[in-house]
Amino acid sequence: MIGNFPYIAVAILIGLGVYTLIFKKNLIKIAIGITLIESGANLFLITLGYRKGSVAPIYTQAPEGMNMVLPTPQALTLTSIVIGVATTALILSIAMIIYKKYGTINTDEVRRLKE
Amino acid sequence: MKNEMSRIVRTVTTLIYGFIIIYGFYVIAHGHLTPGGGFQGGAIAASAFALLVVTYGDQGVKDFLKIDVLSLVESTGLVLFIAFAFFGLGVTFFYNFMANSGGLFGNSAIIGINPGDLNTGGTIPIMNIAVGLEVLAALGVIILTMSAGSKNTKKKENS
Amino acid sequence: MKKSIFVIALVFFVAFMILAAFNMRIFGEPSVSEMDDYYIQNAQAETGANNVVTTIVFDYRGFDTLGEATVLFTAVLGITALFREAAK
């Protein structure tokens, strides 16, 4: 049961991210919470493809006579990291524009669409 | 401006940013032999642009990095990537028509554990270079646009 | 009143995730791996590159990489449209 430690780390990361989304009121802290949830999802993807006692799936100067890890989840995680970068850049730009129009980034005071 | 970075920061940045860009291009070019590839090398080379913007401010870099040139490089990378996907349309979309043939990037790899040969791979090194150019220019445009737009979003004066 | 509903929902969610983490497969033994065994055996003969992950990203599953490049391009398009000065 203690050998499942990476899965428990994924559960703690997603739990902390959801806590930040519900209970905090600043827009920058909400952006940090979204990044925490995406980090937890990426860690879960690469934990799924591990074989006990194996090396990286590259043939250039690999050690002799050992198995290789599954390479497909690593390719999917690469795509997911780039999409996370694009999402974070867009949400931070929207926060800058909201500060220019309203003068504050507290979500309790930003209620109606203003001219 | 009264507040600029100290002399140690400016000297070290001027000495080092060239080596960071060359290391990024090394990771892009050897993508089919060692860990790395297009996306990773483009992110390493874009961190050199971030170092320059932090050290010299937004006005000091304006002659060196122009947003129009970077936008042109990004569009070129994406068009090159899609064009090399259409060339193999005789069999299927994204077919590797240059692997194990005689011409450019056409050697065959020795089966098993071997030190790598740069001339192998087919269309994979060309796609690595195209995606690396696109990621480098995209991250550079994001950094420069957000740094120039932060001047208009400062605190409003209550006069 | 509203805050206590949020606290109870968060406690249920975290308890569900930790219970699922204890009941997962044993770490280090994937159950099915036939597709990845085919990729590891035949990637060097068919494409000629040493790095199996790069051949999966750019040759066997190149269509997903096209979608990802489009997402990055659309994000830059949106940021440039947000910071445009209004013409006077």
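State whether the residues of segment B:132-139 include one that is of a type outside the set (Asp, Glu) and surrounded by fewer than 18 Cβ atoms within 10 Å (Cβ to Cβ).
No - not one qualifying residue is present in segment B:132-139.
Report, by residue number, each residue of segment A:54-105 that is more than 7 Å from every other protein chain (Cβ to nearest Cβ), without any contact (Cβ under 8 Å) to a residue 12 or more places away in the chain and either crowded, with 17+ Cβ neighbours inside 10 Å or aliphatic (A, V, I, L, M) (or both).
A:Val85, A:Ile94
Identify, please: which residue in segment A:19-47 is touching a Phe, Trp or Tyr at 6+ places or on another chain (Cβ under 9 Å) and over 24 Å from A:Glu109 (Cβ atoms) and is, among those, nearest to the other protein chains (Cβ to nearest Cβ)?
That would be A:Thr47.
Pick from segment C:1-37 the residues that are out of contact with any helix residue (DSSP H, G or I) (no Cβ under 9 Å at 6 or more places or on another chain) and acidic (Asp, Glu): which of them is surrounded by the fewest Cβ atoms within 10 Å (Cβ to Cβ)?
Per the stated criteria, the residue is C:Glu34.
Among A:Lys29, A:Lys25, which is surrounded by fewer than 16 Cβ atoms within 10 Å (Cβ to Cβ) and within 18 Å of the chain's Cα centre (by Cα)?
Criteria check complete, one pass: A:Lys29.
Would you confirm whether any residue within segment C:38-58 is surrounded by fewer than 16 Cβ atoms within 10 Å (Cβ to Cβ) and either hydroxyl-bearing (Ser, Thr, Tyr) or closer than 16 Å to B:Gly37 by Cβ (or both)?
Yes, the conditions are met somewhere in segment C:38-58.
Here is a yes/no grid of residues against (1) within 9 Å of chain C (Cβ to nearest Cβ); (2) part of a helix (DSSP H, G or I); (3) within 24 Å of C:Glu68 (Cα to Cα):
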residue: B:Asp58; (1), (2), (3): no, yes, no
residue: B:Lys62; (1), (2), (3): no, no, no
residue: B:Leu72; (1), (2), (3): no, yes, yes
residue: B:Val141; (1), (2), (3): yes, yes, yes
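Which residues, counting only those in segment C:66-88, are more than 7 Å from every other protein chain (Cβ to nearest Cβ) and either more than 19 Å from A:Ser80 (Cα to Cα) or β-branched (Val, Ile, Thr) (or both)?
Of everything in segment C:66-88, those that are more than 7 Å from every other protein chain (Cβ to nearest Cβ) and either more than 19 Å from A:Ser80 (Cα to Cα) or β-branched (Val, Ile, Thr) (or both) turn out to be C:Thr70, C:Thr74, C:Leu77, C:Ala81, C:Arg84, C:Glu85, C:Ala86, C:Ala87, C:Lys88.
State yes or no: is B:Thr76 under 18 Å from C:Leu77 (Cα atoms), more than 8 Å from every other protein chain (Cβ to nearest Cβ) and among the hydroxyl-bearing types (Ser, Thr, Tyr)?
It is true that B:Thr76 is under 18 Å from C:Leu77 (Cα atoms), more than 8 Å from every other protein chain (Cβ to nearest Cβ) and among the hydroxyl-bearing types (Ser, Thr, Tyr).
Looking at segment B:119-139 only, could you name the residues that are within 15 Å of B:Gly41 (Cβ to Cβ), more than 7 Å from chain C (Cβ to nearest Cβ) and either among the small types (Gly, Ala, Ser) or assigned to a loop (DSSP other than H, G, I, E, B) (or both)?
B:Ala130, B:Gly132, B:Ala137 - these are the residues of segment B:119-139 that are within 15 Å of B:Gly41 (Cβ to Cβ), more than 7 Å from chain C (Cβ to nearest Cβ) and either among the small types (Gly, Ala, Ser) or assigned to a loop (DSSP other than H, G, I, E, B) (or both).
Quick check, is B:Ile67 on the phi < 0 side of the Ramachandran plot, touching a helix residue (DSSP H, G or I) at 6+ places or on another chain (Cβ under 7 Å) and β-branched (Val, Ile, Thr)?
yes
Counting residues that are more than 21 Å from B:Ile129 (Cβ to Cβ), which helices (runs of 4 or more DSSP H) fully inside segment C:1-70 reach at least 1?
Ranges flagged: C:2-22, C:34-47.
Take the residues in segment B:31-71 that are aliphatic (A, V, I, L, M), farther than 17 Å from B:Met5 by Cβ and more than 13 Å from the chain's Cα centre (by Cα), then tell me which one is surrounded by the fewest Cβ atoms within 10 Å (Cβ to Cβ).
Filtering first and then ranking leaves B:Val69.
Being under 30 Å from B:Leu33 (Cβ atoms) and not charged (D, E, K, R) narrows it down to one residue among A:Thr87, A:Thr104, A:Thr79; which is it?
Step by step, each of A:Thr87, A:Thr104, A:Thr79 is checked, and only A:Thr79 is under 30 Å from B:Leu33 (Cβ atoms) and not charged (D, E, K, R).
Hey, A:Asn4 hits all of (1) out of contact with any Leu (no Cβ under 7 Å at 6 or more places or on another chain); (2) assigned to a helix (DSSP H, G or I); (3) surrounded by fewer than 16 Cβ atoms within 10 Å (Cβ to Cβ) but one; which does it fall short on?
The number of the failed condition is (3).
Quick check: anything in segment C:30-41 within 30 Å of B:Ala43 (Cα to Cα) and not aliphatic (A, V, I, L, M)?
Yes; the residues of segment C:30-41 include at least one that is within 30 Å of B:Ala43 (Cα to Cα) and not aliphatic (A, V, I, L, M).
We did not get these values from a lab; they are worked out from the coordinates using the rules stated. Note that the coordinates shown come from a computational prediction; the quantities given were computed from them, not determined experimentally. Every residue, glycine as well, gets a Cβ built from its backbone with ideal geometry; the counts of neighbours run over all protein chains shown.
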